[in-house]
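Here's the structure we're looking at; comments come further down.
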Amino acid sequence: MTAPQSTPTGVCSAASPPDGAIRVPAASGGVLTALGRYLVESRRVAFVHNARFSDDDKTFGVANVADDPDKVANGMGSIYGPSPVLTDIRTVLELGEPFAFIGKPCDISALRA
Ligand SMILES: Cc1cc2nc3c(=O)[nH]c(=O)nc-3n(C[C@H](O)[C@H](O)[C@H](O)COP(=O)(O)OP(=O)(O)OC[C@H]3O[C@@H](n4cnc5c(N)ncnc54)[C@H](O)[C@@H]3O)c2cc1C
């Protein structure tokens, strides 16, 4: 991890997990996967909601609700295809459990709306 740098828009930091099994196949170093795994492992959240490749069609992404570190890692990497990860979000919200959400900026905007 490098020291935070001030930028015109905020603070910029760099980090990467030591575990090559995450760092190498992840999208860009695996920080999101490492953070998600940590949050679940330490019970700071009940689960992580991210995305994984669809079992039926590998060009599509689907929601991945991960309540253990290995399931979080099933979602690492980038899915450059249609990925409607919010289709069942009402059911997830109704669980009433604290969770971490990893998604695209448009997913985050929709979740906040
Ligand atoms: C060559 C290259 C260029 C890039 N350029 C840009 C850029 O210009 N702008 C930019 O914003 N990003 C860009 N990225 C992607 C960005 O760098 C990474 O997505 C981000 O840094 C996260 O990296 P990570 O290793 O921590 O992700 P990981 O630990 O691999 O985690 C990625 C997370 O995103 C989730 N996810 C993946 N695909 C989807 C999807 N379609 N919908 C919802 N969730 C999904 C996964 O489930 C996972 O939880 C680029 C990546 C590469 C390799």
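Read the figures in this text as sums done on the coordinates, not as results from a lab. Not measured: the values here are computed from a predicted model. All Cβ positions, glycine included, derive from the backbone under ideal geometry; neighbour counts span all protein chains shown.
What nm distance separates the two modelled labels at S6 and D57, each placed 7 Å from Cα along Cα→Cβ?
5.0
Would you please give the residues with an amide H less than 5 Å from that of A51, counting only those at least 5 places away or on a separate chain, with H modeled from the backbone geometry?
N64
Quick one: length gained pulling R90 to Y38 fully straight, 0.36 nm per residue minus the C-alpha distance?
Going from the current span to full extension adds 16.2 nm.
Residue by residue through the stretch 72-89, which ³J(HN,Hα) values in whole Hz follow from phi under the Karplus form 6.51 cos²θ - 1.76 cosθ + 1.60 (θ = phi - 60°), with glycine and proline marked x?
So the Karplus estimates, Gly and Pro as x, are 4, 5, 4, x, 5, x, 10, 9, 8, x, x, 9, x, 7, 9, 4, 10, 5 Hz.
Summing -39500 (n - 2.57) over the DSSP H runs of n ≥ 4 in the chain and dividing by its residue number, what mean residue ellipticity at 222 nm do you reach, to the nearest 500 deg cm²/dmol?
-7500 deg cm²/dmol
With a 10 Å Cβ neighbour count serving as the proxy for reagent exposure, in which order, fewest first, do Y38, Y80 appear?
By the 10 Å Cβ count, ascending: Y80, Y38.
Can you work out ³J(HN,Hα) from phi for every residue in the stretch 31-45, in order, using Karplus 6.51 cos²θ - 1.76 cosθ + 1.60 and θ = phi - 60°, giving whole Hz and x for Gly and Pro?
4, 4, 5, 4, 5, x, 4, 5, 4, 6, 4, 8, 6, 6, 9
Which of rounded, prolate or oblate describes the stretch 19-112 when judged by the alpha-carbon gyration tensor and an a/c cut-off of 1.5?
oblate
State whether the stretch 1-61 is rounded, prolate or oblate according to the following rule on the C-alpha gyration tensor (a ≥ b ≥ c being the square roots of its eigenvalues): a/c under 1.5 gives rounded; otherwise a/b larger than b/c gives prolate, and the remaining case gives oblate.
Since a/c reaches 1.5 and a/b is larger than b/c, the shape of the stretch 1-61 is classed as prolate.
Could you tally the net charge around Y80, taking each other residue with its Cβ under 13 Å from the Cβ of Y80, Lys/Arg +1 and Asp/Glu -1?
Taking every Cβ under 13 Å from that of Y80, the sum is +2.
Where both residues lie in the chain, what percent of DSSP beta bridges are antiparallel, nearest 5?
75
Please state the relative contact order of the chain as a whole percent: Cα pairs under 8 Å, 6+ residues apart?
Relative CO of the chain lands at 22 percent.
So what J values fall out for the stretch 54-63 if you push phi through Karplus, 6.51 cos²θ - 1.76 cosθ + 1.60 with θ = phi - 60°, rounded to Hz, Gly and Pro as x?
So the J values, rounded to whole Hz, are 5, 5, 7, 8, 5, 8, 10, x, 10, 5.
Suppose each label sits 7 Å from its Cα in the direction of the beta carbon; what would the S78-S109 distance come out to in nanometres?
1.9
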